[in-house]
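Structure first, then comments.
Just so it is clear, none of the values below were taken in a lab; they were calculated from the coordinates. All values reported here derive from a predicted model rather than from experimental measurement. Every residue, glycine as well, gets a Cβ built from its backbone with ideal geometry; the counts of neighbours run over all protein chains shown.
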Amino acid sequence: ISFQIILLTLKLEQWREVIVIGIFHVVALCMEIFKTLPSIASWSYPEPFVIGILGVPLFAGFMYSAVGSYLARVWRIFDFRFVNYPNISWSVALALGIYVNFFTHHFIADVRYFLVL
């Protein structure tokens, strides 16, 4: 958190980027907690760790938030623009489908191959 404050103070990051990083971190931790539940047991963290939540080390969320940080930063620095981008509702529907399948494929059919098409 202190490093994030330094980046904000030096204006190397913007608040919007910090929010994106935070969202990535929270979503990642929730996904990791779900996948490591004893009833799901997709994977586990058998080694001891100092700081964690429900069997998931805090650094697991940091890995995902690092990706979020990178995406937010390069999006701003390189001023990404998309020409002739399809209707945004298609992207939203696909993203929702991917995330819903991440959680539900343990209980109902796995539709990831359908989502690729």
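Summary of values
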read-out: Residue list for region 27-69, restricted to those being closer than 27 Å to TRP15 by Cα and exposed (fewer than 12 other Cβ atoms within 10 Å of the Cβ); value: ILE51
read-out: Close pairs (7 angstrom Cβ cut-off, 6 or more residues apart or separate chains): within 14 Å of VAL26 (Cβ to Cβ) and free of Cβ contacts under 8 Å to residues at least 60 places away in the same chain in region 53-75, among the β-branched types (Val, Ile, Thr) and outside any helix (DSSP H, G or I) anywhere; value: LEU58/ILE51
read-out: Entirely in region 1-77, the helices (runs of 4 or more DSSP H) that have 1 or more residues that are on the phi > 0 side of the Ramachandran plot and not aromatic (Phe, Trp, Tyr); value: none
